[in-house]
Amino acid sequence: MTHTLDEKVYEGVLEQIKAYIEDKKLEPGDKLPSERMFSELLQVGRSSIREALRALELLGLIETRRGEGTFMRAYRPYHMVGLLSKFLLTNTRTREELLTAKKMLEKEIVLLSIGHLSEEQMDKIKILLPTECNPEAHQHLFTYLFEQSCHPLLLSMWQFICGFTHTVHDITYSTKWYKWLYEALADQSKEKVYSLFTIDETSC
């Protein structure tokens, strides 16, 4: 019961902060009230304020500058905030769906890359292949694949989802998995790609 109440408090605070931003017509670069000021204004605990601000920061709507405060960033559609923030960090199923979406986009970009990579690009991919379980190296590899595919929308979607999934779970792949990925690209085999993304990626 307490967990459910906490979720409702968190969602309510988030809605109130969003309403404040809209009412004040805050624009990129404008400064937001401090946690203490928001706490007094909304009559809720600072921990709830902190969690709500963290969700907005993960969405890229605000940024915290050390020693200066919290500021609005470039505009992003507010319906995305309402869609994801109500479930992020509070709903296990949504976390799993975000991970599934991430894997789907990664599989799609590998499939789109087949037959369209030069020798130089393949050499670069070989260099980028992680040699250990390293989420950051995985990020660099797939960022390169997305960038080389000239699909900026897919890249933006993937980066957006990655921003959430890294807060709740880092997927780790074995070094063999990356070797198989390279082989699938080298052989231009879509069948190998489909098989690759059915392998248990969490064992290193």
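For region 55-85, which positions are under 16 Å from the mean Cα position of the chain (by Cα), small (G, A, S) and at pLDDT 70 or above?
Matches in region 55-85: A55, G60.
Pull up region 143-154, narrow it to residues that are assigned to a helix (DSSP H, G or I) and over 16 Å from I125 (Cβ atoms), then point me to the one that is nearest to the chain's Cα centre (by Cα).
L154
Determine whether region 86-103 contains at least one residue that is at pLDDT 90 or above and buried (at least 16 other Cβ atoms within 10 Å of the Cβ).
No, every residue in region 86-103 fails to be at pLDDT 90 or above and buried (at least 16 other Cβ atoms within 10 Å of the Cβ).
Please specify each residue of region 27-43 satisfying the condition of being surrounded by fewer than 12 Cβ atoms within 10 Å (Cβ to Cβ) and hydroxyl-bearing (S, T, Y).
none
I'd like to verify a number: residues in region 130-143 that are over 18 Å from L105 (Cα atoms) and surrounded by 16 or more Cβ atoms within 10 Å (Cβ to Cβ), how many?
Number of matching residues: 3.
The values are calculated or read from the model by the stated rules, or taken from the named source; none is laboratory data. Note that the coordinates shown come from a computational prediction; the quantities given were computed from them, not determined experimentally. Cβ sites come from the backbone with ideal geometry, for glycine too, and all protein chains shown count toward neighbours.
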